[in-house]
Structures are given as structure tokens and as C-alpha cells.
Amino acid sequence: MDLDYGTDEDLSRYTVHDAVEIERILRKMLTDQTIVTIHAENGKDFLLTTLVGINPGTGFIYFDSGSDDRLNAALLASAKSTVTATLNQVRVQFTTEGFERAKYNGEIVLKAKVPAALLRLQRREYYRLATSLTDPVKCWFNLPGGTLKVVVTDISVGGIGVLYPPGGVQLEAGVTYEGCRLALPGVPELIMSLKVCSTYKETMKNGLITLRAGCQFVKLPPPAETAIQRYILKVERERKARAG
């Protein structure tokens, strides 16, 4: 099974293929009872659970199935699901080729194959990219008073910084906005929830006043996170190439 991250050499640096190391990471998740999020193939349904067993001999891992039959059914119907967790402040992510119901230690669980590869990213590798003004990234927020279009000034897989003119509807710190649309150049619009962490005014050199906000992604779907990672890496490569 291959991770669905394309062939970017930058991402491959963080992909673990060694079976012994993969088992070590999984056993650490098991021992620590790390909270795991399993995202169904439809990109909407997800299950919060824990890893309850590993059997390297048979090549299977086992997750608590939880009590929500609808979520369990969505995962069982998915040809591929994405598993994410944070282990010692390191993001761990891998895909599975479908789940099955099984019994483990007398309990009904979700069974999947041990991944052949997984992605492991530390927070310091989630660098923040200043976006291009010539090919801007745009975002739309759904506010009670209408839709607010903003320009994204910087982006990471953790969130975005935005800029917009005063005089209309405004973002409020501490509020989470659902159904936001993020438009990366060359990528279909991404739908997500954004929490506004801070807002402030800034006076530009020409005297114009602008409003800025720092926003955090809330439960960012793995496909959207992958698209953002690819965008950041693509822009970084292009800038390095121009710099010679």
C-alpha cells in the first residue's frame, strides 16, 4: 500500500518504509493509548478511536470500533481510509485499504492491514509560507452579515493569516466559521472550518488601514492537508529555483 502523496521528494523524506520502525511507532501509539482519527473515504465522516492491538504475524492492526454504527458503516464501506494521530508532538498519518469487522480479545473491533508506509512530520517541519501577491491565495468566510472575501498572506498546515479592507463585515476572534472556501492556485477549492485566533488593524506605508486575522484550521481533512503541503513545497521549490 502506498501513501497518497504523489512523488514529491520533499514529502518522501518524512515517509517511513522500514517495517521495524513502523511497528515501533504503532506499538508506541498502542501503549500510550493515543487518540486516533480515522477519516472515511467520503471526506466527511470520521471516527475518534484508539489502537487496541497489533499482530505482526498476521499483518493486521485493530481499532476500537466505537458505538456509532453509522460511522462504523462508513468506514467499512470505504475502499481507503486515512488514519491520523499526534504522537509526542509528531504528526503520524497513513492510509488503509479498507476495514473489516473482527473479534479481538473478545471485543468487536475494526481490523486493517499494517501500513507498508506512514508519514511522520514534526511541528517544526510545518513551516509557514508567505504567499505570493502576484498569484494570491484567496479565502471566503460565511458570516451572518454576508460572505467575506480575504487575501491569504501566509499559510501552513496549521492555519492561515489573512488580510482584508475595513468597512464591511468583520471576523471575530474566538469564533469558528464553518464552510470556509480556500482557493490555492491550480487546486480545486478546499472546504474547511477556520477558528479566528487573533484580529488586529495595520496601517500600511501608504496610510491605508487594513484588517488582519490569524486563523487556525479545525479538524482539517487529510486530503486538504495534503493539498496545502503540496502547495507549500511547490512554491518553495519554485522560489529556490529562481534564486539559483
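FYI, it's all coordinate maths here, none of it is from the lab. Keep in mind the model is a prediction, meaning the values are calculated, not measured. Using ideal geometry, Cβ is built from the backbone for each residue, glycine included, and neighbour counts are taken over all protein chains shown.
Tabulated data for the structure shown
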{"item": "FRET efficiency, Leu233 to Glu100 (Cβ-Cβ, R0 35 Å, nearest 0.05)", "result": "0.50"}
{"item": "Two-decimal Rg to Rh for the chain - Kirkwood Rh, Cα set", "result": "1.03"}
{"item": "Residues in segment 48-70 that a label on Leu76 would reach, taking backbone N under 11 Å of a point 7 Å out along Cα→Cβ", "result": "69-70"}
{"item": "Ratio of Rg to Rh over segment 129-243 (Cα coordinates, Kirkwood Rh, two decimals)", "result": "0.97"}
{"item": "Protection-proxy order for peptides 183-190, 209-216, each taking the mean of Cβ atoms within 10 Å per residue, highest first", "result": "209-216, 183-190"}
{"item": "Potential extension, Lys195-Leu208 segment - 0.36 nm per residue separation minus Cα distance", "result": "2.1 nm"}
{"item": "Extension gain from Ala19 to Asn42, taking 0.36 nm per residue of separation minus the Cα-Cα distance", "result": "5.4 nm"}
{"item": "Among Gly146, Gly57, Thr203 the positive-end extreme of the charge dipole of the chain (Cβ point charges)", "result": "Thr203"}
{"item": "Set of lysines near Lys201 by C-alpha distance (under 23 Å), chain-local residues within fewer than 8 positions excluded", "result": "Lys138, Lys149"}
{"item": "Estimated vicinal HN-Hα couplings, Hz - segment 134-150 in sequence order (Karplus 6.51, -1.76, 1.60; Gly, Pro = x)", "result": "7, 10, x, 8, 10, 9, 10, 9, 8, 9, x, x, x, 8, 10, 9, 10"}
{"item": "Proximal lysines to Lys28, defined as alpha-carbon separation beneath 24 angstrom and excluding residues fewer than eight positions away on the same chain", "result": "Lys80, Lys103, Lys111, Lys113, Lys219"}
{"item": "With 10 Å bins from 0: P(r) over segment 9-125, alpha-carbon pairs, percent", "result": "14, 48, 32, 5, 0"}
